[in-house]
Amino acid sequence: MIKKIFVLTLALFVSGCAFSPGMTMHDEPSSQKGVYKTDTGVMIVPITADLIYQQATQKKRVSTAALMAQRKKDLQRYKYKIGPRDVLNITVWDHPELTIPAGEFRSAEAAGHLVAEDGSIFYPFAGMVKVSGKTVREVRNILTKKISRAIARPQLDVRVAAFRSQKVFIVGEVVAPGPLPISDVPLTIVEAVNRAGGVTREANLNDVTLSRNGKVIDINLLDMYELGDVSLNMILLDGDVLNIPDRVEQKIFVMGEVERPSSILMNKGRMSLAEAISDAGGFDRETSNPGRIYVIRGEQKETKVFHLNSESPVALMLGDQFVLKPRDLVYVDTAGVTRWNRVIEQLVPTSTLLRNLSDVKSDFKRDFE
């Protein structure tokens, strides 16, 4: 009876790989060349030259020419408007009596006129003047008109000695995160990063975000640095928050029949399928099936599984061109003989147990005879 149970158990294990230990993936017949579904309903997308081309052209952006035109327009329209806490330096030529006492021995910022919280300043012969929201030229025209009632043909100059009213905030993986003042010279993204001391080694330059008025704009800072794509070098405005994230989410997980299953940080947010497998030590020559390499990618609406049969040299080239995304899971399936060996490894303890039970039964029967 025990021998029959053993034979039946062995037959069950041999007849189906579903009982084999570890994760396995099953394809349709090798003749299947297009997208197909497995018996479990998983969509399998073969990695082909057409897929590589689609991947390269999938990311659609506004044309560089249009962005450059918009950036040029922003530069032409850029005008700094005075606000509360700014410090103004006002000079009336040939009238030193209008200069603050000991002004020549003090910095322009210390000797200047501080704009009050209500946006106004006091100036002799002009009284209280509303300057908030106005440009330097507009303030100069207003003061000139007011003091011309006391001084004939005044020659007046107005400059901002300290820019304090408007700021942008740069946070994340930069050397010196914090607020940066906006001045009469337009502040761009690249300049803001440089003023913050540059990025750290842990910075993720592909997923930089700019938050403005409740909206988030995605920016690829790496393209600006390496491709010279200045169309993305936007001008920052008051209240903008520029976030340089870290690389924690820039990981690829390599599992299955490789030498060192592990999680791998992407270099500058880029990594190919071939690179990921190579960084994991390559295939396990004894247990892997190079014809069954899968990339499992979880997206918002569905999970996609990409399949690469790397048994041919052409397929290896495709693996080098297939670009992975952060949090992708690369899985190298086991060879059929490996599954069989693992089944046997599980069966050996079972057969030993059954044999021991048979011996115990024989001893028990002999003792009572």
Inset, instruction - Take segment 114-134 and flag every residue that is part of a loop (DSSP other than H, G, I, E, B) and either small (Gly, Ala, Ser) or surrounded by fewer than 16 Cβ atoms within 10 Å (Cβ to Cβ) (or both). - result: Ala116, Glu117, Asp118, Gly119, Pro124, Phe125, Ala126, Ser132, Gly133
Legend entry - Residue in segment 263-280 that is farthest from Gln55 (Cα to Cα), counting only those that are among the small types (Gly, Ala, Ser) and within 21 Å of the chain's Cα centre (by Cα): Ser263
Legend entry - Contacts under 8 angstrom Cβ, first residue in segment 213-228 being closer than 15 Å to Ala203 by Cα, partner part of a helix (DSSP H, G or I) and of a type in the set (S, T, N, Q), 6 or more apart: Asn220/Asn206; Leu221/Asn206; Leu222/Asn206
Inset, instruction - Restricting attention to segment 143-200, report how many residues are exposed (fewer than 15 other Cβ atoms within 10 Å of the Cβ), in contact (Cβ under 8 Å) with a residue 24 or more places away in the chain and in a loop (DSSP other than H, G, I, E, B). - result: 8
Legend entry - segment 84-116, residues that are farther than 27 Å from Ile182 by Cα, of a type in the set (A, V, I, L, M) and at pLDDT 80 or above: none
Legend entry - Verdict on Glu202 being touching a strand residue (DSSP E or B) at 6+ places or on another chain (Cβ under 6 Å), assigned by TED's automatic domain parsing to the domain that holds Met68, more than 26 Å from Gly133 (Cβ to Cβ) and of a type in the set (D, E, K, R): yes
Legend entry - Selection within segment 178-211 - of a type outside the set (S, T, N, Q) and under 18 Å from the mean Cα position of the chain (by Cα): Ile189, Val190, Val193, Gly198, Val199, Arg201, Glu202, Ala203, Leu205, Asp207, Val208, Leu210
Legend entry - Filtered residue count, segment 213-229, keeping only those that are under 14 Å from Val193 (Cα atoms) and among the hydrophobic types (A, V, I, L, M, F, W, C): 4
Inset, instruction - Kindly indicate which of Ser351, Ser362 is at pLDDT 55 or above, farther than 30 Å from Ala49 by Cβ and not assigned by TED's automatic domain parsing to the domain that holds Glu257. - result: Ser362
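The values are calculated or read from the model by the stated rules, or taken from the named source; none is laboratory data. Given the structure is predicted, the values throughout are model-derived calculations rather than measurements. When we count neighbours, we look across all protein chains shown, and the Cβ atoms used for this are built from the backbone with ideal geometry, even at glycine.
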